[in-house]
Amino acid sequence: MCADPDRVKVSPAGGETCPCCSWTPEGNRPRPRVTKRREKNRDAARKSRRKQTERADELHEELQSLEQSSSALQKEIAKLKKELRLYETALERHKPHCRLKDAVFIAWSRHIIPTIRSFSSHFYQGCQ
């Protein structure tokens, strides 16, 4: 019999049953309807766990891909910054020998170099 006798109910068919443990007076075997419901619940739980595992695997793969992309972009940023420093150095070395008017050179260098630095700095900070 059930551990809690107050739960045992008489069904419309006249048999005693317990909703908590499916006890029946016929040898403590659960009723077919309860067994079927439990099977369906187990199958649903199994399916849910499988889908959860699949989703976790997908997210892990996506994370790895994004980390690789991020790493490649960080390397490219570092390469471009190095290249920018080389161009700035070359420009500074050229400045004393330049035949262009100083005003044109100054206007150009005041506009282009800060713009490139600003873009580079903004782009790099946005990727972190």
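Since every read-out is calculated from the coordinates, none of them should be taken as a lab result. Quick caveat: nothing in here was measured; it's all calculated off a predicted structure. Glycine gets a Cβ as well: all are built from the backbone with ideal geometry, and neighbour counts include every protein chain shown.
Between S69 and R33, the modelled label-to-label distance comes to 5.4 nm, taking each label 7 Å out from Cα in the direction of the beta carbon. For the pair A78 and R42, the difference between a 0.36 nm per residue extended length and the Cα-Cα distance amounts to 7.6 nm. With K and R counted +1 and D and E -1, the other residues having a Cβ less than 14 Å from that of A90 yield a net charge of +1.
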